[in-house]
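Visitor: The structure is given below, and queries will be raised subsequently.
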Amino acid sequence: MSAAPTALTEFVATVPDRIWLALLVLAFGLVAAFVVGVINRRLLTRAGVPEVIEGTAFERTAREFDTSTVHILAKLSSYFIIAVAIIVALTVADIQYLEQFWAEVAAFLPQLFVAVLVLIVGVVIGDKAELLVAERLRGVKLPELGVLPPLVKYSVVYVAALIALGQIGVQTLALVVLLAAYAFAVVLFAALATKDLVASAAAGVFLLLQQPYVIGDEVRVAGERGVVQEVDLFVTRIESDGEEHVVPNHSVFRDGIVLIRD
Amino acid sequence: MASLTDHLSDLVEDADAVLLFSPTSSFYGRFEDGDTDIIVVAPDNDIDAETFVELPLPFDNVKDRIRFGIEGAIDADLVSEGDEVACIASVFDGGSDAVIRVTVDETIHTGIYDLFVNSRAEPSVIRDVFEVAIELGQKGQKGKPVGALFVVGDAGKVMNKSRSLSYNPFEKSHVHVGDPIVNVMLKEFSRLDGAFIISDSGKIVSAYRYLEPGAEGVDIPKGLGARHMAGGAITQDTNATAIVLSESDGLVRAFKAGKLVLEIDPEEY
């Protein structure tokens, strides 16, 4: 009857204190990981993340494996905490071998965690951006525009991958240069393509605020005479004898306006 | 029971096309493999049907809905005159509960489709104005029935064929029909005399306009008042569409090219 407790006491006495401490840390880590995982999942769900990322490729892939992006993110934080707990436990237990290795892993782990997080968030945002652009372009049935959505997606993913790689300390200078060249090309192209549009919009703001002419006035702008039918941000529509002239606002502004009164 | 089934098969026998009104995607899927042409008529093409006619208003009157669908189908060369079409629509709330056989001929051509799609103004603008007029007809102004006249599209010409009765409350403002706040404003201003003038893109150009069109040869039904006459006449003189809410009988009527095109009872919406 008294043999069992004695054996237990002996067993407790033989195992060093720090091992118990390590086990305690480990247990605490497991509980914390579980709690953080659950809280994370609830927070993400409450923030409406599942609705926002509904239909993205990443989410669909996740669903195929019977999970979801929110679950993956929550699991990720759990695994991170478990890994940290294991390392702390090992340190507390004072297991000598591979100490150097573990120290480096401990320093590297948060970086890896952030990198994976950035990558997942980047892929999801990329997918979402692709969906949004594709939806916007759906009304315009032009096959050439089909390249745009993937382009947007991969730009976002590329930036996310860059950040992730930078996070875990990989040399990314060449990739950054590539990104800069790409961004420069996009900006230059956009500036060239939208030069007139931007000028028209600036003139359009003036026309809409000041209203030098209103719908129904007879005017002559940019060499066309007629009745104003519509003024919007970019163009003025002038109609005369069944001809409707669509005059860009920047040329209205540049050439001046003649109001015809009689 | 056999005769009932016979009658149904008579109804759909050698139909040249089938018009599905707002079908669910599973309902549409059941038709997809058949050999007759399927034309989907719905507010949105959310089931990705190949041949699709957009329905700008959920016409409560099934006749109007079918006319609109068939006219849209004619316009898109999906059916032609002389064709027999079977329409599957929902008459009461809920699923598709009726099969209606229609012969496509000129009597079907009332111009409802034309009113929305081929007007100068955008279809969504005409729809928004209709919705304001219908809502105004339902509720009235502080419970009392109210009349209103909206002239949509070709605003430049309409402005030159009308004069101002008073200060224009919409001067220097950039408001468009369809914004909820604007609908409230339009309702408030509907107690004013005169017409609202709305541009092709939906901008409210003016209120308080007295229309001065030439009313010769305007053919509108007898018994309608001065408001309808003015609305009908301005559409003959210009390319505008007039949407009139009658104060006396509470109906919303649309005129185009001097003719009455559509009549809607707001109470049915």
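Throughout, read-outs are computed from the coordinates displayed, never taken from laboratory work. Keep in mind it's a predicted model, so treat the numbers as computed, not measured. Note that we place each Cβ from the backbone using ideal geometry, even for glycine, and neighbour counts take in every protein chain shown.
Visitor: Hey, what angle do you get for helix A:173-193 against the long axis of chain A, alpha-carbon based, 0 to 90 degrees rounded to 10?
Guide: With rounding to tens, the tilt is 20 degrees.
Visitor: Based on the Kirkwood radius over alpha-carbon pairs, what is the Stokes-Einstein translational diffusion coefficient of the range B:2-114 at 10 °C with 1.306 mPa s viscosity, in µm²/s? Before the final figure, lay out the partial values.
Guide: Working: Rh = 14.2 Å.
D = 112 µm²/s.
Visitor: Based on Cβ point charges of +1 for Lys and Arg and -1 for Asp and Glu, what charge dipole magnitude is obtained for the range A:181-262 about its Cα centre, in debye rounded to the nearest 20? Walk me through the intermediate numbers first.
Guide: Working: 6 positive and 12 negative charges, 91 e Å.
Magnitude of the dipole: close to 440 debye.
Visitor: Within 10 Å, at most 16 other Cβ atoms, and a DSSP state outside H, G, I, E, B define an exposed site. Report the longest part of chain B free of exposed trypsin sites (Lys or Arg not before Pro). It would help to have the intermediate numbers written out before the result.
Guide: On the way: sites that count: B:LYS142, B:LYS172, B:ARG191, B:LYS222.
For trypsin sites (Lys or Arg not before Pro) (loop position, at most 16 other Cβ atoms within 10 Å), the longest site-free span of chain B is B:1-141.
Visitor: So what's the back-of-envelope 222 nm ellipticity for the protein assembly as shown, counting only DSSP H runs of four-plus at -39500 (n - 2.57) apiece and dividing by all residues, rounded to 500?
Guide: On the way: 18 runs with 266 residues, N = 531.
Computed ellipticity for the protein assembly as shown at 222 nm equals -16500 deg cm²/dmol.
Visitor: Two-decimal Rg/Rh of the range B:181-269 from alpha-carbon positions, Kirkwood Rh? Please list the in-between numbers first.
Guide: Details: Rg = 12.9 Å, Rh = 13.6 Å.
Using only Cα positions, Rg/Rh for the range B:181-269 is 0.95.
Visitor: Still on this structure, please answer the following. Cα atoms only: what Rg and Dmax, in Å, come out for the range B:1-50?
Guide: Over the range B:1-50's Cα set, Rg and Dmax evaluate to 12.7, 38 Å.
Visitor: Semi-axes of the range A:211-259's equivalent ellipsoid from the Cα gyration tensor, sqrt of 5 times each eigenvalue, largest first, rounded to whole Å?
Guide: Values: eigenvalues 39, 24, 23 Å².
Each semi-axis is √(5λ); the values are 14, 11, 11 Å.
Visitor: For B:SER25 and B:ALA98, compute 0.36 nm times the residue count separating them, minus their Cα-Cα distance, and round to one decimal in nm.
Guide: Working: separation 73, 0.36 × 73 = 26.28 nm, distance 1.75 nm.
Stretched fully, the B:SER25-B:ALA98 segment lengthens by 24.5 nm.
Visitor: In square nanometres, what is the average projected area of the Cα convex hull of chain A? Show your work: numbers first, answer last.
Guide: Numbers: hull surface 98.9 nm².
That works out to 24.7 nm², a quarter of the Cα hull's surface.
Visitor: Holding the Cα-Cα limit at 24 Å, pick out from B:LYS172/B:LYS256; B:LYS222/B:LYS259; B:LYS139/B:LYS222; B:LYS63/B:LYS256; B:LYS142/B:LYS172 the pairs that are longer than that. It would help to have the intermediate numbers written out before the result.
Guide: Working: B:LYS172/B:LYS256 29 Å; B:LYS222/B:LYS259 12 Å; B:LYS139/B:LYS222 26 Å; B:LYS63/B:LYS256 20 Å; B:LYS142/B:LYS172 28 Å.
Listed pairs above 24 Å: B:LYS172/B:LYS256; B:LYS139/B:LYS222; B:LYS142/B:LYS172.
Visitor: Here is a further query. So, R0 is 25 Å and r is the distance between the beta-carbons of B:GLU267 and B:VAL184; what FRET efficiency does that work out to, to 0.05? Could you put the intermediate results ahead of the total?
Guide: Numbers: r = 21 Å, r/R0 = 0.85.
Once the sixth-power term is evaluated, E becomes 0.75.
Visitor: Something else about it: Mind checking the dipole of the range B:146-225: about its Cα centre, +1 per Lys or Arg Cβ, -1 per Asp or Glu Cβ, Debye to the nearest 20? Walk me through the intermediate numbers first.
Guide: Values: 9 positive and 9 negative charges, 27 e Å.
Charge dipole, the range B:146-225, about its Cα centre: 120 debye, nearest 20.
Visitor: Now for a different question. Note the angle between two axes, namely the Cα long axis of helix B:2-12 and the longest principal axis of the Cα atoms of chain B, as a number of degrees from 0 to 90, rounded to the nearest 10.
Guide: 60 degrees
Visitor: To continue, here is another question. Any chance you could tell me what percent of the C-alpha pair distances in chain B go past 26 Å? Display every interim value, and only then the final one.
Guide: Working: 16353 of 36046 pairs.
In whole percent, the long-distance tail amounts to 45.
Visitor: How many times 2.2 N^0.38 Å is the alpha carbon radius of gyration of the range B:139-242?
Guide: Numbers: Rg = 13.4 Å, N = 104, 2.2 N^0.38 = 12.8 Å.
Rounded to two decimals, the normalised Rg is 1.04.
Visitor: Return the distance in nm (one decimal) between the two label points of a simple spin-label model at A:ILE39 and A:VAL186, each offset 7 Å from Cα along Cα→Cβ.
Guide: Taking the simple label geometry, A:ILE39 and A:VAL186 are separated by 3.6 nm.
Visitor: Compute, for the protein assembly as shown, the length of the dipole vector about the Cα centre, with Cβ point charges of +1 (Lys, Arg) and -1 (Asp, Glu) only. Units Debye, rounded to 20. Display every interim value, and only then the final one.
Guide: Details: 41 positive and 73 negative charges, 575 e Å.
Approximately 2760 debye in magnitude.
Visitor: At a 10 Å Cβ-Cβ cut-off, how would you order B:HIS7, B:HIS109, fewest neighbours first?
Guide: On the way: B:HIS7 9, B:HIS109 15.
Lowest to highest Cβ neighbour count: B:HIS7, B:HIS109.
Visitor: List the extent of the Cα atoms of the protein assembly as shown along each of their three principal axes, largest first, rounded to whole Å.
Guide: If we take the Cα atoms of the protein assembly as shown, the spans are 116, 78, 49 Å.
Visitor: Additional query: Report the FRET efficiency, 1/(1 + (r/R0)^6), for A:LEU233 and A:LEU132, where r is their Cβ-Cβ distance and R0 is 25 Å, rounded to 0.05.
Guide: Working: r = 22 Å, r/R0 = 0.90.
FRET efficiency, A:LEU233 to A:LEU132: 0.65.
Visitor: Mind checking which of B:GLY153, B:VAL252, B:ASN168 is farthest towards the positive end of the range B:119-268's charge dipole, using Cβ charges of +1 (Lys, Arg) and -1 (Asp, Glu) about the Cα centre?
Guide: B:ASN168
Visitor: I would also like to ask the following. Restricting attention to the range A:114-173, which trypsin sites (Lys or Arg not before Pro) occupy a DSSP loop and are surrounded by at most 11 other Cβ atoms within 10 Å? Please report the intermediate quantities before stating the final value.
Guide: Details: sites: A:LYS128, A:ARG136, A:ARG138, A:LYS141, A:LYS153; in loops: A:ARG138, A:LYS141.
Within the range A:114-173, the qualifying trypsin sites (Lys or Arg not before Pro) (loop, at most 11 other Cβ atoms within 10 Å) are A:ARG138, A:LYS141.
Visitor: Here's something else I'd like to know. For A:ALA193 and A:ASP262, what is the calculated FRET efficiency with R₀ set at 41 Å and r taken between the beta-carbons, to the nearest 0.05?
Guide: That gives a FRET efficiency of 0.50.
Visitor: Could I have the simple spin-label model distance between A:GLU64 and A:ALA47, label points 7 Å from Cα toward Cβ, reported in nm to one decimal?
Guide: 2.7 nm
Visitor: Hey, another quick one. Relative to a virtual label point 7 Å from the Cα of B:LEU165 in the Cα→beta-carbon direction, which members of the range B:126-159 show backbone nitrogen distances below 11 Å?
Guide: Label zone hits: B:147-149.
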